[in-house]
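Report on the structure given below.
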Amino acid sequence: MQRADIERIFEAFFEKYKKTEGDETAWSAYWTELTPAGKFEINLTKCPCGTIFKVFVDNKKVLELNGWDAFFEGMAAFGEAHPGLYDPDVFFADMEAMI
């Protein structure tokens with residue numbers, strides 16, 4: 001899946017499902033996939049600090065990435081290090097189906 005498609009899908013998903021973090025200066029939305037390799041989740045948060053991505057494996061935070069460039073770089077390395085856990089084509093196609 002192309003970068004532009006991933007950004008478009010995640011941003012549309014975020015706008016539809018975002019929830020406030022309490023003070024209405026930070027909003028977040030997350031998507032979870034259950035795979036044979038484990039539970040995988042990405043939380044997208046937008047706040048005054050920017051766009052933050054938190055990546056969880058089996059409910060444990062393993063990455064925090066700031067901005068889209070860091071997201072794509074970090075997730076490419078993550079996918080190589082964790083085969084079978086993160087497949088962007090599947091992950092974002094499933095997310096898009098919920099929009």
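Every read-out reported here was derived from the displayed coordinates using simple, explicitly stated rules and does not represent laboratory data. All of these numbers come straight from a predicted model, not from anything done at the bench.
Within the straight-line cut-off of under 19 Å between alpha carbons, the lysines reachable from LYS60 are LYS39, sequence neighbours fewer than 8 places apart in one chain being disregarded.
Among GLU73, GLU11, GLU41, whose mean-square fluctuation peaks in a Gaussian network model of the chain (Cα, cutoff 10 Å)? Maximum among the listed residues: GLU73. Computed extension length for GLU7-ILE99: 31.8 nm, one decimal, from 0.36 nm per residue of separation with the Cα-Cα distance subtracted. Within a straight-line Cα-Cα reach of under 20 Å, LYS46 can be paired with the following aspartates and glutamates, leaving aside sequence neighbours fewer than 8 residues apart in one chain: ASP5, GLU7, GLU11, GLU15, GLU21, ASP23, GLU24, GLU64, ASP69, GLU73, GLU96. Subtracting the Cα-Cα distance of VAL90 and ASP58 from 0.36 nm times their residue separation leaves 9.7 nm of extension gain.
Mean separation of Cα pairs under 8 Å and 6+ residues apart, divided by the residue count of the chain: what relative contact order is that in percent? Can you show the working numbers first?
Numbers: 139 pairs, mean separation 24.4, N = 99.
Relative contact order for the chain comes out at 25 percent.
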